[in-house]
Each structure stands twice: as C-alpha cells, then as structure tokens.
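Structure, as structure tokens:
The values are calculated or read from the model by the stated rules, or taken from the named source; none is laboratory data. Fair warning: this is a prediction, and the values are worked out from it, not measured in the lab. Please note: Cβ atoms are built from the backbone with ideal geometry, for glycine as well, and neighbour counts cover all protein chains shown.
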Amino acid sequence: MESAQSSDSCIICNKPNALRCNRCKSASYCSKLCQRGDFLVHKLLCSSFSAFDVSKRPTKQHVEPEDEYDRRYQSPNARPFLNDHGREVPIQFNAVLARRLLDAVCVSYRDTFLVDGSAPNSSVATITTTQPGYHHHWCGPIIAYGKVGSDFDPEECRDIDMHDFRHVADYFMSYGTDLISVPSSPPMNCVKVKGVRINCLGDQKMFNKPHFEEIELSTTSIIFRSHETSDITKRIGIPIYTKRCFPHPNWANAKDAEMFGNESPYNNQDATFLHLCIDPEAKEDFSRGFLGWSWAPSQWQQDVGSTIVVRQDKKPLLPWHAEALCSYCRYHARDCLAHTIGEYAPDKPMSKSLALSMICRPTFSIWWYRMCREQRDKGKIVDAKIPYDE
C-alpha cells in the first residue's frame, strides 16, 4: 500500500515535490503525464474552485454545541439538504490509487434515496462517465467535506481541496465495482501468498511492466472473499481465483494514444481466455453477460485491464505458472472448444465430451514441458517447477 499523501505529493502517483495546477493552485502533479491522467476528473471543478472566495471562514452555525466531554464537535449543516435521513461515509482510503489518506474526506447522502423519489444526481453521473464500466446509480443531494486526521471519527472539519475532489470522485467510481487495488507490499507481520498480476497493454506500455508480474498478497486480501474462477484451470487440477484491477488513470482514458496503436490499453486477452466456459450445460444469458459454451463472460471481453491471479489453495503461483496456464487456455483449450462449434471446417465438429477429455492434467503437463523446451531454445530458463510439484 502506498503511504499517505501530503499536499505537495502528486495526486496520481504520490511522488513528492510535485507542482500545483496553474489555475486552481490546489491539485499537484509530478509530470504532464500524471496531469493528463487526472484531467477528465480535475477539469470538472478546476475553474469553479479557482473562483472560490476562500477568505470567508465557516461560521459558528457549522459547529455543534459542546458535548458532555466539553468538546466542540464540528459537522456540516447538512439537514436542509438531507433532512433526517443523512448518512455520513468517511473516505480514509482511495481504492483506485491504493492509497490511505492523511486527512479524511466525508460524503453524506440520503440513505433513503432509492425509495424516496430523489432525482438522479447529475454531478455524480458526470464524474462516473469519466471511467468505463458499471457504476452505482446515485440520487438526491450529496455533500462532500473534509475532516482533520484519519481517526475513526475525526472531530474537526477543514477546507476541502482538489486533492480531496479526486478522492471523492474515485469513491463514486469504485463504489460497487468488482475491481481490486493491489498494494505495493502487503502489511508487515502477515501471512503472504505469492500471486501474479497479468498486466494489460496499458500497464505494459505506459509503465514498462512485464506481462506476468510476481506479486505478494496478504491471506486476508479481498480476492480470497470476492473473486471469479477459471473452469479450465479447475479441470486440470490448478484451481485459481481471479480479480480485475482498477485501471491506472494515466492510461484509462488514453485509447487513442499512439503507443497503443489500434488496440485498447485495456487489452488483456490472456486474462480473457482464462475464463472460457467449458460447462456443456451452460445456457446463454445475455442480461447477465453469460455467453455460454466456449466463450468468456462479457465482463472478461471488454475493458478487462490488468488482472490478479492466485491459487485457491494459497500455494505459490509464479509468473511462469501463470504464463503456462494462460497459453494453455488460449492455444490448446480454445482450439478444442473452437472445433466443437465448427471453426475447423470441413471437419465435422467434435463432441463436447471429446473436447473436455482433451482438457486435462496430462495435456497440461505436456504443455508445460513443451513451454520449458521452447524457452530453453530461446536462451531462457524456466526457473519454476511444474505447478503440480508438491
């Protein structure tokens, strides 16, 4: 997990000694690249924020009376907007940027907005349209404000700035998604599991990351509670959990960037082929994204991005293992499935049962040793044992 952010750190990558936006003098960036990465969100408020009258301080009306402990607890006067149904959510961690915050940002909204007839919140809708994918439907008035510190219940309010706006925007863009943040390192004194991040085109080209990157996760990582699986790797005796990552802001909206050619930066076909359906009884259900036999679900075909893979048994999964599993799914299992649906004419399509018999542990073992030989012929050494090795 990246360290907490100070006011002079880049809002995107957290590098120190960043320069502030020339217009609003609030958000900080270490480079033009990071500034472009934040542009679609930042431009929504930059002009208005630069025109705010910061000389007027909050009045006493914003401060609650002293409590029984002789403390003066500060909170926004939200009742005119939220009535008596307001709910406060403190944002102390940015899930998109995988970063904890030095000072909390709070979001308050009516907890009855789905049933009280509240109109859709167009401001939040404008924010979420900057990021592809499904987003929660927010309605009614919403208030965002800053708090001092990141304790469980900060008492003191503070001015909100454009760094906070980024965290608020990411809260709405990440709310209810099936994506995951990957800390740079798991917490100390925890049990760790070796996994692999299959980096998409955007992360490979923009940050020079390897296609298969070794990572470490805590055994308490959310991927072990919320995940998807692979029919093929389960069938061959190496069941895995998978979860897509949040796209990095620097490439998430750069689909026309020259470095990506004619491809989407979200392109990650290896992750797609891991999720091919091999259930012969599977039915198409387009409303849920299920495309049936031989196809990956729709969420694994569009805007896939980088993907985390771990073994269900929490044994080490190394980059060579992930590469072998992906290539097996993509070039062996997929060809078997393709034959069943008539893609090898004039051959008569083989039966599903025959195709399934060809997707098994022995054929993967053959695939593994073939990959090792091919890599050796290229001058590379596969420094990993076959995944079945105890």
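Scanning the stretch 297-323 for residues that are part of a loop (DSSP other than H, G, I, E, B) and either closer than 25 Å to K385 by Cα or polar (S, T, N, Q) (or both) yields Q301, Q302, S306, Q312, D313, K314, K315, P316, L317, L318. Note on the stretch 139-192: among residues that are among the aromatic types (F, W, Y), under 22 Å from L44 (Cα atoms) and surrounded by fewer than 21 Cβ atoms within 10 Å (Cβ to Cβ), the one that is modelled with the highest pLDDT is Y171.
Filter the stretch 375-390 for residues that are under 34 Å from the mean Cα position of the chain (by Cα) and over 22 Å from K234 (Cβ atoms); which is modelled with the highest pLDDT? Of everything passing the filter in the stretch 375-390, Q375 is modelled with the highest pLDDT. Scanning the stretch 288-341 for residues that are small (G, A, S), closer than 25 Å to F207 by Cβ and within 22 Å of the chain's Cα centre (by Cα) yields G305, S306, A322.
Whenever a residue of the stretch 333-346 is in contact (Cβ under 8 Å) with a residue 24 or more places away in the chain and outside any loop (DSSP other than H, G, I, E, B), its partners that are surrounded by fewer than 20 Cβ atoms within 10 Å (Cβ to Cβ) and not polar (S, T, N, Q), lying with C-beta atoms within less than 7 angstrom and at least six residues away or across chains, give the pairs A338/Y344; T340/P349; T340/M350; T340/K352. Summed over the stretch 208-234, residues that are in contact with a helix residue (DSSP H, G or I) (Cβ under 8 Å, 6 or more places away or on another chain) and among the aliphatic types (A, V, I, L, M) total 2.
Exactly one residue among D70, D38 is modelled with pLDDT under 60 and either in the same structural domain as C106 (by TED's automatic domain parsing) or surrounded by 12 or more Cβ atoms within 10 Å (Cβ to Cβ) (or both), and that residue is D70. Annotation: of all residues in the stretch 172-192 being touching a Cys at 6+ places or on another chain (Cβ under 9 Å) and not in a strand (DSSP E or B), the one that is farthest from I12 (Cα to Cα) is L179. Restricting attention to the stretch 129-171, the residues that are under 20 Å from D8 (Cβ atoms), outside any helix (DSSP H, G or I) and of a type outside the set (S, T, N, Q) total 7. For the stretch 378-385, the criterion of being over 22 Å from Q269 (Cα atoms), touching a residue at least 40 places away in the same chain (Cβ under 8 Å), surrounded by 14 or more Cβ atoms within 10 Å (Cβ to Cβ) and in contact with a helix residue (DSSP H, G or I) (Cβ under 8 Å, 6 or more places away or on another chain) is met by at least one residue. Could you list all residues from the stretch 301-316 that are crowded, with 24+ Cβ neighbours inside 10 Å and either of a type outside the set (V, I, T) or at positive phi (or both)? Of everything in the stretch 301-316, those that are crowded, with 24+ Cβ neighbours inside 10 Å and either of a type outside the set (V, I, T) or at positive phi (or both) turn out to be G305, S306. Listed by position, the helices (runs of 4 or more DSSP H) inside the stretch 193-273 whose residues that are not assigned by TED's automatic domain parsing to the domain that holds S327 number at least 2 form an empty set. Residues being β-branched (V, I, T), without any contact (Cβ under 8 Å) to a residue 60 or more places away in the chain and within 22 Å of G305 (Cα to Cα) are entirely absent from the stretch 104-116.
Does the stretch 289-296 contain any residue that is polar (S, T, N, Q), assigned to a loop (DSSP other than H, G, I, E, B) and touching a helix residue (DSSP H, G or I) at 6+ places or on another chain (Cβ under 9 Å)? Checked against the condition, which is being polar (S, T, N, Q), assigned to a loop (DSSP other than H, G, I, E, B) and touching a helix residue (DSSP H, G or I) at 6+ places or on another chain (Cβ under 9 Å), the stretch 289-296 yields at least one hit. Between V105, V96, the distinction of being buried (at least 20 other Cβ atoms within 10 Å of the Cβ), under 28 Å from A51 (Cα atoms) and aliphatic (A, V, I, L, M) belongs to V105 only. P132 satisfies every condition listed in (1) within 25 Å of C245 (Cβ to Cβ); (2) buried (at least 21 other Cβ atoms within 10 Å of the Cβ) except (2).
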